[in-house]
Number of protein chains: 2
Amino acid sequence: MTPHNKKIPRMSLERLPIYYRTLCNLADNGYLRIKSAQLGKIIQIEPTTIRRDFSYFGDLGKSGYGYDIAHLIQIFGEILEVNETQGLALIGVGNLGRALLINNFRRNPNLEIISAYDADPHVIGETINKVTIQPLSDLKATIQTQQIKGVISTVPSHAFQEVVDYLVDCGITSILSFAPEPVHVPKNVHVRYLDLTSEVQNLLLLAEISDV
Amino acid sequence: MTPHNKKIPRMSLERLPIYYRTLCNLADNGYLRIKSAQLGKIIQIEPTTIRRDFSYFGDLGKSGYGYDIAHLIQIFGEILEVNETQGLALIGVGNLGRALLINNFRRNPNLEIISAYDADPHVIGETINKVTIQPLSDLKATIQTQQIKGVISTVPSHAFQEVVDYLVDCGITSILSFAPEPVHVPKNVHVRYLDLTSEVQNLLLLAEISDV
DNA sequence: CCATTTTTGTTAATTAAATCACATTTATAG
DNA sequence: CTATAAATGTGATTTAATTAACAAAAATGG
Ligand SMILES: NC(=O)c1ccc[n+]([C@@H]2O[C@H](COP(=O)([O-])OP(=O)(O)OC[C@H]3O[C@@H](n4cnc5c(N)ncnc54)[C@H](O)[C@@H]3O)[C@@H](O)[C@H]2O)c1
Ligand SMILES: NC(=O)c1ccc[n+]([C@@H]2O[C@H](COP(=O)([O-])OP(=O)(O)OC[C@H]3O[C@@H](n4cnc5c(N)ncnc54)[C@H](O)[C@@H]3O)[C@@H](O)[C@H]2O)c1
């Protein structure tokens, strides 16, 4: 991929999606170039942090000019592989999963939930947004024909470890969970959490502490 | 609150909700005490990080013994104010907002969405999980009678700045958004983002980079 | 074409977080 | 009661991230 891969700081990679999205918005609004100071204003990141981040991906800017937005989009898009569809599977089509499936990353045409699974016989067979809900045991077969790059899980906490074990068994290595249950996985498997409760608690805690 | 407030590292505070939840789970399962090493195994945090984190909140452990789970729950619960109901407002009751409202933090009895708002006349007046959806303009009045500690926004990106301006005008200072649109707010107002697309992109990127 | 201004890219400095290493404390077993 | 083992709490160190500072590069405007 990029010439110098391993040394890019984690935090710089974490910010890449934000940069990418913001630059796309700017391009959509007709902007052709941007300076680190302007971009910093928009996304509330120090210009110097932005410049350093960008520098990891090559010599992207010009002194006294700034950055060519289309060029940045091109480079960052390549890293994020936005030109290949990234097929995802959704496990657990309850209230939350349903919302995700109906939306199905419509603003991000390369991300796509291509199959969905649940344990409840009442929802299996139902079709939402062109995706028919299957029993989880079908996943292994699906993977034979369609590439699944990652899984989004909205199963309850108590089912999560069991689900993950099966996913690992299927060869899935990237999992995003809305349930905060910590699970054990092999070292090559990545689990991320989107922990709503913690986010809210931290939000309130921060307010509490800072405005006293 | 805690005796020594301002100096607690951000990251230690960020982990507090995780500690709290995990300890509650352990207590529910009948455990009375825990060692930093055991806890570290469960939540995948270095024991030494845990001990340092805990130390910011007092002398909570005993050498050769570990930590008393009930005591930790007591201390952390106080900081997180779990014994007072934290009233929340939900703005935008679409697919995602609906899922949040139906669930309404049922696992966290002190967090509660007590009022919900939308712009769409078709959904205004509808009652979900005992909460009746109101026009957003009613928020200012609601705040007179019920304390709203924070807001969860699931309005689309294009509406977010406008909504935030109104929230700020109402005196709201804590906002959690599912739309990644960066907004400008006064310094005393905190906005957090729960950015699903970035999470997925980073998840896939991490896999890409680490298993090559 | 030159002087001035702007803005990058990066070295150096700073700040923050994580981890190491161990002295100290307490529990426990004999 | 003493010796041993276990586990904490924290200075010291290391690692990572951010920010400052500025030289070099490119643009712009006489
Ligand atoms: N909705 C929220 O507001 C919210 C907030 C915080 C966290 N969460 C987390 O997200 C999870 C899902 O939330 P929800 O509101 O959609 O709950 P839900 O109960 O509506 O949906 C859960 C779905 O998972 C399915 N499921 C259960 N076990 C399964 C298994 N072994 N394999 C496959 N599918 C299985 C169920 O049949 C159900 O359809 C919650 O349990 C919670 O951990 C949700
Ligand atoms: N659902 C997903 O999978 C998903 C994924 C990533 C991000 N998001 C973000 O979350 C947002 C909501 O997702 P959704 O699926 O619930 O969309 P949705 O369209 O179903 O719901 C949006 C709701 O917001 C309401 N609304 C619009 N403008 C408003 C205003 N000014 N004041 C009050 N209410 C207003 C709409 O009437 C609607 O009910 C998305 O726009 C997106 O930014 C959603």
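Can you find even one residue in the range A:79-86 that is within 16 Å of DNA strand C (Cβ to nearest atom), charged (D, E, K, R) and surrounded by fewer than 17 Cβ atoms within 10 Å (Cβ to Cβ)?
no
Within the range A:36-104, considering only helices (runs of 4 or more DSSP H) that don't extend past its boundaries, which have at least 2 residues that are away from DNA strand D (no atom under 13 Å from the Cβ)?
Result: A:36-43, A:69-79, A:95-103.
Taking the stated definitions as given, is B:I91 touching a Ser or Thr at 6+ places or on another chain (Cβ under 6 Å) and in the same structural domain as B:I128 (by the TED database)?
Details: touching a Ser or Thr at 6+ places or on another chain (Cβ under 6 Å): yes; in the same structural domain as B:I128 (by the TED database): yes.
Taking the combined requirement at face value, the residue satisfies it.
Has the range B:79-99 got any residue that is more than 16 Å from the chain's Cα centre (by Cα) and farther than 30 Å from B:S174 by Cβ?
no
Can you name the condition, by its number, that A:S115 falls short on among (1) touching a helix residue (DSSP H, G or I) at 6+ places or on another chain (Cβ under 8 Å); (2) in contact (Cβ under 8 Å) with a residue 40 or more places away in the chain; (3) hydroxyl-bearing (S, T, Y)?
Just one mismatch for A:S115, condition (2).
Pick from A:I128, A:I102: which is within 12 Å of chain B (Cβ to nearest Cβ) and farther than 21 Å from B:D195 by Cα?
Answer to the selection: A:I128.
Please determine whether any residue of the range A:21-38 is under 17 Å from B:I209 (Cα atoms) and without any contact (Cβ under 8 Å) to a residue 24 or more places away in the chain.
no
Among the residues of the range B:53-89, write down those that are of a type in the set (D, E) and within 13 Å of another protein chain (Cβ to nearest Cβ).
Of everything in the range B:53-89, those that are of a type in the set (D, E) and within 13 Å of another protein chain (Cβ to nearest Cβ) turn out to be B:E78, B:E81, B:E84.
Can you say whether A:T132 is within 16 Å of ligand 1 (Cβ to nearest atom), under 19 Å from A:C170 (Cβ atoms) and at pLDDT 95 or above, as far as the supplied structure shows?
yes
Restricting attention to the range B:117-136, does a residue exist that is exposed (fewer than 13 other Cβ atoms within 10 Å of the Cβ), more than 16 Å from DNA strand C (Cβ to nearest atom) and either among the acidic types (D, E) or not assigned by the TED database to the domain that holds B:I172 (or both)?
yes
Only one of A:D138, A:D120, A:D169 is in contact with a Phe, Trp or Tyr (Cβ under 8 Å, 6 or more places away or on another chain), of a type outside the set (A, V, I, L, M) and more than 10 Å from every other protein chain (Cβ to nearest Cβ); which?
A:D138
In the list A:R98, A:R52, A:R10, which residue meets the criterion of being farther than 18 Å from B:L203 by Cβ, surrounded by fewer than 20 Cβ atoms within 10 Å (Cβ to Cβ) and either within 16 Å of ligand 2 (Cβ to nearest atom) or not small (G, A, S) (or both)?
Sole residue among the options that is farther than 18 Å from B:L203 by Cβ, surrounded by fewer than 20 Cβ atoms within 10 Å (Cβ to Cβ) and either within 16 Å of ligand 2 (Cβ to nearest atom) or not small (G, A, S) (or both): A:R52.
For the range A:178-212, what are the residues that are among the polar types (S, T, N, Q), facing chain B (nearest Cβ under 7 Å) and out of contact with any helix residue (DSSP H, G or I) (no Cβ under 7 Å at 6 or more places or on another chain)?
Residue satisfying the conditions is A:N188 alone.
Among all residue pairs at least 6 apart or on different chains, which show Cβ distances below 6 Å where the first residue, located in the range B:49-69, is without any contact (Cβ under 8 Å) to a residue 40 or more places away in the chain and the second is within 16 Å of ligand 2 (Cβ to nearest atom) and of a type in the set (D, E)?
none
The values are calculated or read from the model by the stated rules, or taken from the named source; none is laboratory data. As the structure is a computational prediction, the values presented were derived from the model and not from experiment. Every residue, glycine among them, receives a Cβ derived from its backbone with ideal geometry; neighbour counts consider all protein chains shown.
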